[in-house]
1. Show the residue pairs meeting these rules: Cβ distance below 9 Å; 6+ apart or different chains; first residue within segment 189-209 and in contact (Cβ under 8 Å) with a residue 24 or more places away in the chain; second residue outside any helix (DSSP H, G or I).
2. Scanning segment 77-104 for residues that are in contact with an Asp or Glu (Cβ under 6 Å, 6 or more places away or on another chain) and at pLDDT below 95, which turns out farthest from Ile41 (Cα to Cα)?
3. Name the single residue, out of those in segment 105-158 being among the small types (Gly, Ala, Ser) and farther than 30 Å from Ser51 by Cβ, that is nearest to the chain's Cα centre (by Cα).
4. For segment 61-76, give me each residue that is of a type in the set (S, T, N, Q) and either modelled with pLDDT of 95 or more or crowded, with 16+ Cβ neighbours inside 10 Å (or both).
5. Within the bounds of segment 355-367, is there any residue that is among the hydroxyl-bearing types (Ser, Thr, Tyr), touching a helix residue (DSSP H, G or I) at 6+ places or on another chain (Cβ under 9 Å) and over 23 Å from Gln389 (Cβ atoms)?
6. Looking at (1) within 19 Å of Gln126 (Cα to Cα); (2) hydrophobic (A, V, I, L, M, F, W, C); (3) part of a helix (DSSP H, G or I), can you tell me which one Ala360 breaks?
7. Does Met54 qualify as being closer than 30 Å to Asp365 by Cβ and either at pLDDT below 50 or in the same structural domain as Ser366 (by TED's automatic domain parsing) (or both)?
Amino acid sequence: MKPLQTLFLSSLLLGWSIAASAQSLTLSQAESLALQRDAEIARLQQLSLASEDMAVADGQLPDPSLSLGVLNLPTDSFATDQEPMTQFRVGLGQKFPAGDTLALTRRRGEQNAVAQRWMAQDRAHQVRREVRLAWLESLYWKQAQNVYRQDEGLFQQLQEVTQSLYSVGRSKQQDVLRADLELSQLNDRLINARQKEDEARARLARWVGPEAISRELNAALPDLNAPHVGALESALLAHPAVKALDAEVSVSATNAALAQQSYKPSWGVDVGYAWRDGENMDGSARADFFSAAVSVQLPLFTGQRQDRRVAAAARNQEASRSRRLEMLRMMDAEAQVAFSRWRQAQDRGRLYKEQITPQALSQADSALTSYQSDRADFAEVMRAYLTVQKLRLEQLRIDIDGRAALARLDYFFASESPIDSLSFKE
């Protein structure tokens, strides 16, 4: 095997086989940290618990009303026994909402809680996807630095070769200056890659926290198997984002049923007891009074109130269905794009591994041999070496992009909950 090919293969294996130290942060650890510290997941969990509490509360009858009063008290003496109609009254009243209003209101609260739980699950899958993408981007720039550092030794060797040949008059001073320039530009690319890694680490820290910056990242990547695209339809129907919209459609249907209840009368019951002071003309004590009444709210004029509410509820229900349909179409399109990118990355990766990179390595070795034999100029050697460097970086990028496509695709096939182990915060 030629020397440049040997160096390339060994450096590639070294780049993707970084040993995991005790202080390194694994991807699974990063995902757990991100899920635990994500404020949006906690917010949705609390909203779900709040909706459950409100569902129970809203399903209860209104509080009864208690009334206390003095009736028909004469203003000339304010004596309680002067007039026979003077009385001390205590009353108790209870309202009963129309039809099935209470049961439907409770059902709506429970459906809201279900929607928020599904939204929390969807948010957790989004967080895991974003952590993986930021992780992969950080690793790419880390590996790019490895490529530049490994090429630094090659470029230093080329610099020594040009100086050696120049000292015996077999090369031009321009070749020496070109070697110096390329080494300086390589250092510049290394600095730029380091900056890109810092930026990617900062984006990862947005999810993981300071652990993403203070600890070395473990290069071990998860085994993500590409799901079959034929199972996409059933996977999307079971996706948490779609399930949340299913719950919202149920909420809108319940709202429509609630609007129908406004055509039914609401009821009220009042009972009272009145105590009277004084005596009748025959000397007997005046009798106390008991009263009972039923009140009914009659929905007689429905054209501008009940009818409008029912129409509005029906339109909101149709809007919820349309939103769900649009979400399914959008997710299907995004999943198809991710699947296509993964397949293209697979094809390009094989092409680079089996043809393009070996051919470039052979060309670089041939160019160097020709230069040392005075059969090629130094510019051709540098072009060959820079081409190899570019192809190595492109091969790394293809591998990272393929894994990123799988991370995106995994989001659409979200069959398990990333937050099952995270308890709801009471």
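The values are calculated or read from the model by the stated rules, or taken from the named source; none is laboratory data. All of these numbers come straight from a predicted model, not from anything done at the bench. Every residue, glycine among them, receives a Cβ derived from its backbone with ideal geometry; neighbour counts consider all protein chains shown.
1. Correct list of pairs: Arg201/Leu217; Leu204/Leu217; Trp207/Asp38; Val208/Leu25.
2. The extreme case among them is Asp81.
3. Across segment 105-158, the extreme among qualifying residues is Ala134.
4. Result: Ser65, Ser67.
5. Checked segment 355-367: no residue is among the hydroxyl-bearing types (Ser, Thr, Tyr), touching a helix residue (DSSP H, G or I) at 6+ places or on another chain (Cβ under 9 Å) and over 23 Å from Gln389 (Cβ atoms).
6. Among (1) within 19 Å of Gln126 (Cα to Cα); (2) hydrophobic (A, V, I, L, M, F, W, C); (3) part of a helix (DSSP H, G or I), the lone unmet condition for Ala360 is (1).
7. The answer is no for Met54.
Condition check ((1) at pLDDT 90 or above; (2) of a type outside the set (Asp, Glu); (3) crowded, with 18+ Cβ neighbours inside 10 Å) across all residues:
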| site | (1), (2), (3) |
| --- | --- |
| Met331 | yes, yes, yes |
| Gln355 | yes, yes, no |
| Leu368 | no, yes, yes |
| Leu386 | no, yes, no |
| Lys390 | yes, yes, no |
